[in-house]
Structure formats: structure tokens, C-alpha cells
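A quick write-up on the structure given underneath.
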Ligand SMILES: [Ca+2]
Ligand SMILES: [Ca+2]
């Protein structure tokens, strides 16, 4: 255990040192503080996320109706690079309650949500065949316990969303595997590339970029937008894990 503590301590010092050498600033479009950190020895990579905390009383959160729900998000990302509610102005879906409520998931709305900047750290899982595999794994994903609206009498602060806006350089063979609950929407080049909609227990999906490159309009050896959206909508599990060969970078 003491070795572990030493290792973590060194990591923190390294993070601080590298952070000073990277660009930072606030995007005019996203509330995200765009600071990416890559360890000099490539042991880890840190990327920014915006978490928005909601109360359990929001109609789309802690909904009594649960289940996979694949009709929430349109194929093309919106002009402000947020997901577009597929049912339109009047429609609803199994686990959502209309456009007005859904549009609050990934936009700041006073009194409805509280945006909190965080960062997540991917660990280098090893290299081979020209790839490095990056992994983030957390089967108790509660990044804002005690923050925002607080835990609302739960053991953790549930009911929040996450968004991140990054870029990546597409290398042939790139994959992205997600494992978690609840919703996940990944847009690549503005097109919905992975959809894990609804309120559900853990689901795992793998995206093989080569097999959908044409659909997404992407070609190897070019850089593309990577816009990822997640929602934790129901107690008591919160899993957020991914593994990827994609070299994710800040905008
Ligand atoms: Ca909450
Ligand atoms: Ca959950």
C-alpha cells in the first residue's frame, strides 16, 4: 500500500508539471475547460469533461419507466454540437418526456442543473501493433458526490450528465468500447457512431471505426471531432468505462 501511495504522489506532481506546459482556456462554445494532459512517459492521459448535476425530481431522471430506449437522439449532431432530440417538438420516448426536458441535459439551465468542470484520467494499457490502448474504468462512477445539488438523501450524488468535446487522429483499426449505464451517445465527425440509449443496467458495445468509416464520412490519417455524451439517470448503479485505441486530444 505504501508503494501505491508513493506512486500516486509522483503522478500528481507529474500532472502539475505537465499541466503548466499545455495550452488551456475556456471554449466560447463549451463550458469545458479545455486542458488535456499527457504524461511524459505516456502512462496516462487526462481530458476535460463537464458534469451537469440534476435533481431526482427532473422528469427524465429517476423515471419509474426503465428500459433500453433507442429513439432519443437523431443521427446528426446539432449546430451547437449537442444531441438533437429525435422525436421533435411534440414527441416523447419510453424514458424521456419531450424536447424541452431533453434539451436541458447538455445545456446550462439556471435552477435546473449545475455545471461542474472535472477531468478524467485514462490509463495506458499497453502498446502493440502500432497502437496504444487507453482505458478509463469506474464501476462506482460518482464524480460529484456532495457537489451541485448534493446527494439528496442518497449515498451518492446520482442524476447527472457528462459531455466532452475532443478530437482524434484516425488510424486504421481504431476501436472504442463502452461499458456502462445509463445513456451514452458518441458522435464522430458529427454523426452518431455509438448509441446506448435508455435507463438500463450495464451494456457493453464496441465501435470498429473501419467498419463504419463510410457512414461516418471519415478517412484514415485525418483528424475528426469526438463528441461524447453520457447520462446517469437512475439509482443505484453508475458504471462508466471505456477502452480505446483513439488518441484523444483537446480541441
Ligand atoms: Ca444529482
Ligand atoms: Ca444508473
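Residue count for segment 101-115, restricted to those that are closer than 18 Å to residue 150 by Cα and buried (at least 17 other Cβ atoms within 10 Å of the Cβ): 4.
For segment 219-235, residues that are surrounded by fewer than 20 Cβ atoms within 10 Å (Cβ to Cβ) and either within 16 Å of ligand 2 (Cβ to nearest atom) or in a loop (DSSP other than H, G, I, E, B) (or both) total 5.
Let's see how each residue does on (1) farther than 23 Å from residue 164 by Cα; (2) modelled with pLDDT of 50 or more; (3) under 17 Å from the mean Cα position of the chain (by Cα):
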site: 6; (1), (2), (3): yes, no, no
site: 19; (1), (2), (3): no, no, no
site: 45; (1), (2), (3): no, yes, yes
site: 52; (1), (2), (3): no, yes, yes
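Filtered by the rule that a residue be surrounded by 15 or more Cβ atoms within 10 Å (Cβ to Cβ) and touching a strand residue (DSSP E or B) at 6+ places or on another chain (Cβ under 9 Å), segment 90-100 gives 93, 94, 95, 96, 98, 99. Taken over segment 123-162, the residue count meeting the criterion of being more than 12 Å from ligand 1 (Cβ to nearest atom), surrounded by 14 or more Cβ atoms within 10 Å (Cβ to Cβ) and not in a strand (DSSP E or B) is 1. Pairs meeting the criteria (first residue in segment 228-244 and without any contact (Cβ under 8 Å) to a residue 24 or more places away in the chain and under 21 Å from residue 30 (Cβ atoms), second residue within 9 Å of ligand 2 (Cβ to nearest atom) and assigned to a loop (DSSP other than H, G, I, E, B), beta carbons under 8 Å, at least 6 apart or on different chains) are lacking. Among residues of segment 129-154 being more than 26 Å from residue 216 (Cα to Cα) and without any contact (Cβ under 8 Å) to a residue 60 or more places away in the chain, the one that is nearest to the chain's Cα centre (by Cα) is 145. Identify the residue in segment 172-198 that is in contact with a helix residue (DSSP H, G or I) (Cβ under 9 Å, 6 or more places away or on another chain) and part of a loop (DSSP other than H, G, I, E, B) and, among all such residues, is nearest to ligand 1 (Cβ to nearest atom). Looking at residues that are in contact with a helix residue (DSSP H, G or I) (Cβ under 9 Å, 6 or more places away or on another chain) and part of a loop (DSSP other than H, G, I, E, B), I get 190.
The values are calculated or read from the model by the stated rules, or taken from the named source; none is laboratory data. Everything quoted here is computed from the prediction, not taken from an experiment. So basically every Cβ, Gly included, is an ideal-geometry build from the backbone, and we count neighbours across all protein chains shown.
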